[in-house]
Amino acid sequence: MKFHSIGLNSKILKAISDKGYIEPSPIQEKSIPPILKGKDLLASAQTGTGKTAGFTLPMLNILSERPFEKRRKIRALILTPTRELAAQIYENVKEYSKYTRIKSTVVFGGVNQNPQVKSLEQGVDILIATPGRLLDLKGQNLLSLSSVEFLVLDEADRMLDMGFIHDIKKVIAFIPLKRQTLLFSATFSKEIKSLAKEFLNFPIQVEAEPENTAADTVKQIIHPVNRTDKARVIVKLIKDGGWSQVLVFTRTKHKANRIADKLKKSGIESAAIHGDKSQGARTKALAGFKNGSIRVLVATDIAARGLDIPLLPHVVNFELPNIPEDYVHRIGRTGRAGASGEAISLVSHDEEEHVLAIEKLLGFKLKRTTIKGFEQSSLEEVQKIEADLNKKHGSNNRRKRNFKKSKNKQKNKFKNRD
């Protein structure tokens, strides 16, 4: 199927043509026709399959053909879990709507609200938002959702994971019951199906790929290493491979900062991106990563959700995620739009349970390769080293405590003398 035969109008088709799109992806082919017919949609698609266009194109098509009021009101609301994803969708909406009269804007936290309020005051048809900032502005009576005709919940599974369920319900309470609702998620979990049942009206259910699969274009490799060797291994991989663009995942913000610092000290330009960073710092780091001035972006799962980096060749799991589904989301950052990519996981002994859970989810064993010079020690050796270190640290801590006690004793002695 070609885009021109899917039912989109000439203005939308012209914008698509400018982007070089000819054929819709599977999720677009399955989503666009029912949305154009006015149906609610429950869609599952893995990251990087083109789902943003799957809901924005038909929505823009419908809104552009309806009458425009003199005073613009918010007619479509797109809710997303992260600032980065909200900003990315806004860019897509602007590109796809450039030949129409549709106006759009984006609101999210972490930045001054005044420019966002100014955009809203000028009148917009489409609002892309994160739940927190949206409710803040609504609470200040700075926007109205009473004219919303379209509601899109994008990355709904992640919004639930991040505890946004109550915020979502609050937002939906402000929106007319008569609306078209589109829910996009990477998985069809019980929670997602429950959410769909509550807010969607006889939805069409579409799925681009089997649940929880990783793109065929992503080569997945495990390197068994000692936990203490991981930082040196990642430097070796980047330098020896001549990698110019690498997204590295850690479990914590603290670890993201530490790895970015270690890479910089090794002469590899890097930046960390996580929830504690200001929006300005996150935007700057992402821009540098995209233009090549930053070679490595070290991120936590939440910060990386929704990052749209075309043709990203390498993803490295410095630490495996606790939730197996997050592994699929992580490696979905590469191998996008049919391009090939490589996902490498540095796995220490204490992460083997995570590997088993991921392999069970994927339905196959991940390939393992040893890195010369960084062969993994046996579990017994690792346990002995850790026991010795704990013993040493325990002894040091005891010495510190004894020294502190002695110091306090001396202090009290002189105090009593005075």
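The values are calculated or read from the model by the stated rules, or taken from the named source; none is laboratory data. Owing to the predicted nature of the structure, the values given are computational and were not obtained by experimental measurement. For neighbour counting, all protein chains shown are included, and Cβ atoms are generated from backbone atoms with ideal geometry for every residue, glycine included.
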**Request:** Those residues that are buried (at least 21 other Cβ atoms within 10 Å of the Cβ) and assigned to a loop (DSSP other than H, G, I, E, B), I need them from the range 98-121; list them, please.
**Result:** 102, 108
**Item:** Scan of the range 345-381 for residues that are touching a strand residue (DSSP E or B) at 6+ places or on another chain (Cβ under 9 Å), of a type in the set (A, V, I, L, M, F, W, C) and not in a loop (DSSP other than H, G, I, E, B), ordered by number
**Value:** 346, 347, 355, 358, 362
**Asked** Going through the range 122-154 one residue at a time, which ones are part of a helix (DSSP H, G or I) and either over 18 Å from the mean Cα position of the chain (by Cα) or surrounded by fewer than 21 Cβ atoms within 10 Å (Cβ to Cβ) (or both)?
**Response** 132, 133, 134, 135, 136, 137, 138, 139
**Message:** Out of everything in the range 39-72 that is hydroxyl-bearing (Ser, Thr, Tyr) and in a helix (DSSP H, G or I), what residue ends up being nearest to residue 206 (Cα to Cα)?
**Reply:** 52
**Asked** Among the residues of the range 25-39, how many are in contact with a Ser or Thr (Cβ under 9 Å, 6 or more places away or on another chain) and buried (at least 20 other Cβ atoms within 10 Å of the Cβ)?
**Response** 2
**Request:** Among the residues of the range 27-38, write down those that are in a helix (DSSP H, G or I) and either modelled with pLDDT under 90 or not polar (S, T, N, Q) (or both).
**Result:** 27, 29, 30, 32, 33, 34, 35, 36
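Out of the strands (runs of 3 or more DSSP E) lying entirely within the range 155-267, which hold 2 or more residues that are buried (at least 19 other Cβ atoms within 10 Å of the Cβ)?
On the way: elements: 180-185, 204-207, 218-224, 246-249.
In the range 155-267, the matching strands (runs of 3 or more DSSP E) lie at 180-185, 218-224, 246-249.
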**Complete:** By residue number, the members of the range 57-86 that are among the aliphatic types (A, V, I, L, M) and within 22 Å of residue 31 (Cβ to Cβ) are 57, 59, 60, 62, 63, 76, 77, 78, 79, 85, 86
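Considering every residue within the range 73-91, establish whether at least one is in a helix (DSSP H, G or I) and within 17 Å of residue 141 (Cα to Cα).
First, the residues of the range 73-91 that are in a helix (DSSP H, G or I): 83-91.
Among the residues that remain, those that are also within 17 Å of residue 141 (Cα to Cα) are: none.
The answer is no, given that none of the residues of the range 73-91 is in a helix (DSSP H, G or I) and within 17 Å of residue 141 (Cα to Cα).
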